[in-house]
Each structure stands twice: as structure tokens, then as C-alpha cells.
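Below is one structure, written out as C-alpha cells, with a few remarks after it.
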Amino acid sequence: MFPKVAARLAISTKSINQAFSRNIGSTAVVLQKADPIQELFLNKIKEYYQKKSASKTGLVDSSPETQKALKDEIEKINKQYGASATTEFPTFNFTEPKLEVSPERLDKL
């Protein structure tokens, strides 16, 4: 009886030690200070969104040539597809096709 209890105790002790060491390993990563490259990346994203919200056109650091090119492209699309092409989502109308069954097929059914 004692060997069975000792064996079970050894197995449970081993699994508890394993779980404890895994928890220490995962919390150590969480408690560390953020990676400097990751911080730089996040700072650049925040800076971009601040510039984007401050911009009137929605373009960040755009030159007058870039704004003119965008305006020309939008005008070209409006001429080709109509004024609503850039302002609203297109609507699609699909009609069900009319199916006709030939008399020969009706005989086979």
C-alpha cells in the first residue's frame, strides 16, 4: 500500500513542480520591461495616428503634388463611373434566372 501512495505522491509532486516552473517562466516574460524595438514601433504608430487626425485630407505628410494627384484620380473615377462612385457603396441587383424544363426531361422524371 505504501509504494502505491509513494508513487502517486511522486507523480503529483512532479506535476506540481512542472506547473509551478511553467508559471514562473510565463510571468517572468510578462513582468519584464517592454522590448525597446516594440516600444519604438508603438510610438511611431501613435505618432502616425496623431498626424492623421490633425491632417485635413487624411493623408500624413503629403506634399501638394501628392494631394493634386489624389484629386485628379478621384475626378477621373467620378468622370468614368459617376459622382457616386467614390462616395457610396455600389448596389447589386441579381435576378433569378427563369428555368425551363423540356418535355423530354419531364417524361424521364
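The values are calculated or read from the model by the stated rules, or taken from the named source; none is laboratory data. Just so we're clear, the structure is a prediction, and the values are computed from it rather than from any experiment. Note: ideal-geometry Cβ built from the backbone for every residue, glycine included; neighbour counts use all protein chains shown.
Points to keep in mind about this one:
- In segment 58-81, residue modelled with the lowest pLDDT [restricted to those that are surrounded by fewer than 11 Cβ atoms within 10 Å (Cβ to Cβ) and in a loop (DSSP other than H, G, I, E, B)]: Gly58
- Segment 82-109, subset among the aliphatic types (A, V, I, L, M) and at pLDDT 75 or above, residue surrounded by the most Cβ atoms within 10 Å (Cβ to Cβ): Val101
- Every residue from segment 32-49 that is over 21 Å from the mean Cα position of the chain (by Cα) and of a type in the set (S, T, N, Q): Gln32
- Lys51 meets all of the listed conditions (1) modelled with pLDDT under 85; (2) surrounded by 11 or more Cβ atoms within 10 Å (Cβ to Cβ) but one, namely (1).
- Search result, residues across segment 18-48 that are modelled with pLDDT of 80 or more and part of a loop (DSSP other than H, G, I, E, B): Asp35
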